Amino acid sequence: LITYSAWKDHKTTTTMSSSLLPLQGLRVLDFSRVLAGPWCTMLLGDAGASVVKVERPLVGDDTRKWGPPFVGDTDNSNRKLSTYFLSINRNKKSVAIDIKRKAGLEICRKLSTEWADVVVENFKRGTMEKLGLGYDELAKQNPGIVYCSISGFGPDGPLAQQPGYDVICSGMYGLMSITGDEDGPPA
């Protein structure tokens, strides 16, 4: 667990070399994982934003282990990473913060209200609010915050509380029925 003071004046940089990128100077705190959120923040980083990805201690984003293919582990240290994770999280810095602990939540709250211009998350609806990291709470201390909450089924309606993954949506809306071999099951 890091302390907030370690990040207070921290300046992140993208791996892109141009100082003419349109989002240069924008600071993004990324609580997202898997695909939709990381894709969003990857694009922000590609455009010059400084993106800090918050990950679970010791585990990180689930996609760190998605593969094959993997890179790394040339010294049998079991430190291999999926190429998927590396590609979708380029131009980002990562920090491990336990948001289930009070100290971790306080760090995230300070980063969100004193450092970040943008917060991106893709938890199930209501999760960030329960943690005290929802838009209404953060905007009290950082009125200019841009808050992006990505969900599979939107903020209201009959499926709003359901998690949304690509494979779930593909199955629900029939896309899986047209994949795979013509005479075989969906792929």
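Please determine, by comparing only the residues of the range 89-111 that are more than 21 Å from Tyr147 (Cβ to Cβ) and aliphatic (A, V, I, L, M), which one is surrounded by the most Cβ atoms within 10 Å (Cβ to Cβ).
If we take residues in the range 89-111 being more than 21 Å from Tyr147 (Cβ to Cβ) and aliphatic (A, V, I, L, M), then Ala96 is surrounded by the most Cβ atoms within 10 Å (Cβ to Cβ).
Quick one: what pairs do we get from the range 117-138, first residue closer than 20 Å to Gly157 by Cα and part of a loop (DSSP other than H, G, I, E, B), second open to solvent by less than 10 Å² (accessible area, probe 1.4 Å) and hydroxyl-bearing (Ser, Thr, Tyr), C-beta under 6 Å, 6+ apart or different chains?
Asn122/Ser32
Among the residues of the range 112-144, count how many are within 18 Å of Ala49 (Cβ to Cβ), open to solvent by less than 20 Å² (accessible area, probe 1.4 Å) and under 15 Å from the mean Cα position of the chain (by Cα).
6
Scan the range 140-174 for residues that are among the aliphatic types (A, V, I, L, M), in contact (Cβ under 8 Å) with a residue 40 or more places away in the chain and not in a loop (DSSP other than H, G, I, E, B) and report the count.
Step one: of the range 140-174, the residues among the aliphatic types (A, V, I, L, M) are 145-146, 150, 159-160, 167-168, 172.
Narrowing the set further to residues that are in contact (Cβ under 8 Å) with a residue 40 or more places away in the chain leaves 150.
Okay, now just the ones that are also not in a loop (DSSP other than H, G, I, E, B), so none.
Residues meeting the conditions: 0.
Cβ-Cβ distance below 7 Å, separation of 6 or more or different chains: which pairs start in the range 19-44 with a residue that is within 23 Å of Lys124 (Cβ to Cβ) and end on one that is of a type outside the set (Val, Ile, Thr) and surrounded by fewer than 16 Cβ atoms within 10 Å (Cβ to Cβ)?
Arg33/Asp62; Val34/Asp62; Leu35/Asp166; Met42/Arg90
Looking for something touching a residue at least 40 places away in the same chain (Cβ under 8 Å), open to solvent by less than 40 Å² (accessible area, probe 1.4 Å) and closer than 23 Å to Gly134 by Cβ - is there at least one such residue anywhere in the range 60-80? Before the answer, list the steps.
Going through the range 60-80, the residues touching a residue at least 40 places away in the same chain (Cβ under 8 Å) turn out to be none.
Among the residues of the range 60-80, not one is touching a residue at least 40 places away in the same chain (Cβ under 8 Å), open to solvent by less than 40 Å² (accessible area, probe 1.4 Å) and closer than 23 Å to Gly134 by Cβ, which makes the answer no.
Only residues in the range 100-116 that are more than 13 Å from Met128 (Cβ to Cβ) count as the first member; pair them with residues that are in a helix (DSSP H, G or I) and open to solvent by 60 Å² or more (accessible area, probe 1.4 Å), Cβ under 7 angstrom, at least 6 apart or cross-chain, and list the lot.
As it stands, the answer is Thr113/Gln141, since those pairs meet every condition given.
In the range 177-187, how many are part of a helix (DSSP H, G or I) and modelled with pLDDT under 80?
The number of residues fulfilling the criteria is 1.
The values are calculated or read from the model by the stated rules, or taken from the named source; none is laboratory data. Everything quoted here is computed from the prediction, not taken from an experiment. Because the Cβ atoms are built from the backbone with ideal geometry, glycine has one as well, and the counts that use them run over all protein chains shown. Ligands, DNA and RNA are stripped out before the accessible areas are found, and what is left, the full protein with its side chains, is counted by its heavy atoms. Shrake-Rupley method; radii C 1.70, N 1.55, O 1.52, S 1.80 Å.
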